1. In nm, what is the difference between 0.36 nm times the number of residues separating Glu251 and Leu43 and their Cα-Cα distance?
2. Charges at C-beta only: +1 for Lys and Arg, -1 for Asp and Glu. How large is the resulting dipole of segment 1-79 about its Cα centre, in Debye rounded to 20?
3. How big is the dipole moment of segment 212-299 about its Cα centre under a simple scheme where the beta carbon of each Lys and Arg is +1, that of each Asp and Glu is -1, and everything else is neutral? Debye, nearest 20, please.
4. Just to confirm a number: summing +1 for Lys and Arg and -1 for Asp and Glu over residues other than Ser40 whose beta-carbon lies under 10 angstrom from that of Ser40, what do you get?
5. In the neighborhood of Gly102, defined by Cβ-to-Cβ distances under 14 Å, what is the net charge if each Lys or Arg adds +1 and each Asp or Glu adds -1?
6. Each label point is 7 Å from the Cα along the Cα-to-Cβ direction; what then is the distance between the points at His24 and Ala53, in nm?
7. Treating the angle as unsigned and between 0 and 90°, give the value, to the nearest 10°, between the Cα long axis of helix 264-273 and the longest Cα principal axis of the chain.
8. Only helical DSSP H runs with n ≥ 4 go in: add -39500 (n - 2.57) per run for the chain, normalise by residue count and round the 222 nm mean residue ellipticity to 500 deg cm²/dmol.
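Read-outs: derived from the displayed coordinates by stated rules, not from any lab. Keep in mind the model is a prediction, meaning the values are calculated, not measured. Cβ atoms come from the backbone with ideal geometry, glycine included; neighbour counts cover every protein chain shown.
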Amino acid sequence: MDIASLTTEARNTKTMNLDSMSIHEFATVMNQEDQSVATSVSLALRDIESAIATIIEHFNQGGRLFYMGAGTSGRLGVLDAAECVPTFGIDPKMVQGLIAGGIKAMTIAVEGAEDNIQLGADDLKARGVNSNDTVVGIAASGRTPYVIGGLDYATQVGAATVSLACNGHAAISGHASISIEVPVGPEVLSGSTRLKAGTAQKLVLNMLSTGAMVGIGKVYENLMVDVKPTNEKLIERAKRIIREAAHCNEEVADTNFEASGHDVKLAIVMILTGLSKQNASVQLRKAGGFISRLVKNND
């Protein structure tokens, strides 16, 4: 597909006089355009649901999740992967973000990297991608060679593949077992896909990672019970989560937080079941990490 035919490259008829708008007019039209993004995402929910289910299935097989993209798409993948570590207490290798040109491309464009189809394959090969893993290729245009190379390599080794594009009939859709297309239309600033397209990608990535983590027991009710309390703010959040999940007072939460070795999930289980740290840990493993299953079995 020629770049000129992509809706993300077209001129937005509502902003043809962008350079002469007042700040109020600019902010208003941009806000209106942004509001359309969530609606566009809603039209792709069925494919998003399929992707979440696939990621959960592969996590349960001991697999990993890889995001890969170039430019803004790659940066958003790296961001979502990085945020999963403190939020869900996972090993950094479990969710990884790959960007064409490597980590330096997070801040400085690496010329030609996104056009290198072999680079996409090489980056996945270097990380030992296999049939237990899921690879999500992200491209606003839907045609980035780096992403296509990665998806093709992932398919060759039997990994699950998902594509995420912001144009309809995207080229990358033909290189993935599950294709998510969220056409957002012309950008307020023509061709600047860090805007609506970037917002759409962030919304979808939020759903993929959060939904998958819920699906493997990283959440109790709507609380992030596997959060790692690595600083003062997170320690206070951890104790608050314990109080809310276990319906206990501050003293009980603090005592069990310390007794569990600062393991929020374990502290909650200890309070809800009355089990020792060791026995609570055993029972939690038997429940697959799901507090809800453990509590139900103990009722």
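1. Here the segment from Glu251 to Leu43 would lengthen by 70.2 nm.
2. Here segment 1-79 has a charge dipole of around 180 debye.
3. 400 debye
4. Summing Lys/Arg as +1 and Asp/Glu as -1 gives 0.
5. -1
6. 5.0 nm
7. The helix 264-273 is inclined about 40 degrees to the chain.
8. Rounded to the nearest 500, the figure is -16000 deg cm²/dmol.
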